[in-house]
Structure formats: structure tokens, C-alpha cells
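Here the structure comes first, spelled out in C-alpha cells, and everything after it is commentary.
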Amino acid sequence: MQDFGQIFEEHFAYVWGSLRRLDVREADLEDQAHEVFLKVHAHFHQYDRTRQIRPWLFAFAFRVASDYRRLARHRVEVLGASVEAVDPQQPADTRIQLAEEHALLAAALDTVALDRRAVLMLHEFDEIPVPAIASALGIPVGTASSRLRLGREDLAAALHRLRKQRGDR
């Protein structure tokens with residue numbers, strides 16, 4: 001059985017990445033990730049250890065990100081570039097293409113409604129089954145399935161629109 005410290009150490013990067021994909025600004029990620037773990041710590045006694053930890057953690061991250069986004073001070077766009085690690089083994093053109101595709105996917109995900117994006121991310125990126133997502137987010141399975149379907153449709157439409165805007169076929 002893992003204790004809270006182990007879970008914090010093993011899953012901090014996961015929570016950080018989830019918050020980033022849920023539109024928490026880079027400058028605020030550390031504070032918001034700690035906020036998630038404060039809430040996790042307060043409810044740690046309620047965690048069902050027979051279930052996967054990531055959907056449970058994601059539910060906290062989703063709520064913290066939702067609260068964060070409601071704050072007016074975060075509705076102002078902040079310009080700046082994030083720095084990604086560079087793999088020197090990859091040719092430069094491959095790195096550029098991957099960076100462009102990553103940016104395109106991030107921009108498309110940003111257009112998907114947060115409730116749909118949460119289900120989409122858990123299912124597609126974390127490979128969590130829909131019933132576990134529904135349980136973690138406290139929604140009916142049918143709602144989770146609907147959000148996944150609509151999120152996929154929204155993401156596909158956004159990718160198509162963004163590719164068209166940048167001149168891809």
C-alpha cells in the first residue's frame with residue numbers, strides 16, 4: 001500500500017502535465033499542482049486502493065483547473081514560449097515537425113470544452129476506461145461516453161480547421 005508521500009513523488013509529473021493540458025498557465029503550474037495535492041491529502045482517507053490512482057488524481061486536477069479558470073485574472077492571455085527538451089539524436093527537421101504537430105494538437109485541444117477535454121484526455125492519453133472516468137469525475141457512464149464522443153468530434157473539427165488555416169491538405 002502506498003502512502004501519500006509515495007503517491008506525491010510518483011504522480012506529481014502526471015498532475016503537472018494534466019493541469020497544463022487543462023489550460024493552467026506555465027507560471028502557475030507549480031502552485032496549482034500543490035493545490036491538487038493539498039486536496040488529495042485532505043481526502044486521502046477516502047481513496048479506494050482497489051482502483052487506479054490516476055483517474056482519482058485527475059478528478060482533483062480537473063476541479064482545481066476549473067476553479068483556476070473561473071478566476072478573472074487568468075482570462076488574460078500571457079505571451080511566452082515554453083522550452084521543451086531537445087533530443088540531439090533526431091534530425092532538426094523531424095524535431096521541427098514534431099514541435100509543430102504538438103503545438104497544433106495543443107491549440108486544437110484548447111478549443112474543446114473543458115468537461116469534454118477532461119474525458120478525452122483521460123481516455124485517449126491515459127488509456128482509462130470510460131466507466132473509471134465516470135466514477136472519478138462523479139458523472140454517469142452515459143455522460144462520460146457522450147463527452148468522449150463529442151470531444152473527439154470537436155478535436156477532429158479543430159484539427160481540420162487549424163490545418164486548413166496553416167495551409168495543410
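The values are calculated or read from the model by the stated rules, or taken from the named source; none is laboratory data. The model shown is predicted, which means the values in this text are computed figures rather than measured ones. Cβ sites come from the backbone with ideal geometry, for glycine too, and all protein chains shown count toward neighbours. Note: accessible area is taken over every heavy atom of the protein model, side chains too, but ligands, DNA and RNA are not part of it. Shrake-Rupley method; radii C 1.70, N 1.55, O 1.52, S 1.80 Å.
Evaluating L71 against the criteria (1) at pLDDT 85 or above; (2) closer than 24 Å to F12 by Cα leaves one unmet condition, (1). Please work out if V83 is modelled with pLDDT of 90 or more and of a type outside the set (D, E, K, R). So V83 does not fit the description; no. The C-beta contact set for segment 124-147 (first residue part of a helix (DSSP H, G or I), second residue modelled with pLDDT under 95 and aromatic (F, W, Y), distance under 7 angstrom, 6+ apart or interchain) comprises A136/W56; A136/F58; L137/F62. Screening L137 on (1) in contact with a Phe, Trp or Tyr (Cβ under 7 Å, 6 or more places away or on another chain); (2) open to solvent by 50 Å² or more (accessible area, probe 1.4 Å) shows it passes everything except condition (2). If you filter segment 45-67 down to residues that are among the aromatic types (F, W, Y) and under 14 Å from H11 (Cα atoms), you find that the one that is surrounded by the most Cβ atoms within 10 Å (Cβ to Cβ) is F58.
Just to be sure, is A92 of a type in the set (G, A, S) and loosely packed, with under 13 Cβ neighbours inside 10 Å? Yes: the conditions hold for A92.
Out of (1) among the hydrophobic types (A, V, I, L, M, F, W, C); (2) under 20 Å from L19 (Cβ atoms); (3) modelled with pLDDT of 90 or more, what's the single condition that is false for V141? For V141, the failing item is (2).
You will find that of H160, H102, H123, the residue that is farther than 30 Å from R49 by Cα, open to solvent by 40 Å² or more (accessible area, probe 1.4 Å) and at pLDDT 85 or above is H160 and no other. Tallying residues that are of a type in the set (D, E) and buried (at least 19 other Cβ atoms within 10 Å of the Cβ) within segment 1-44 yields 1.
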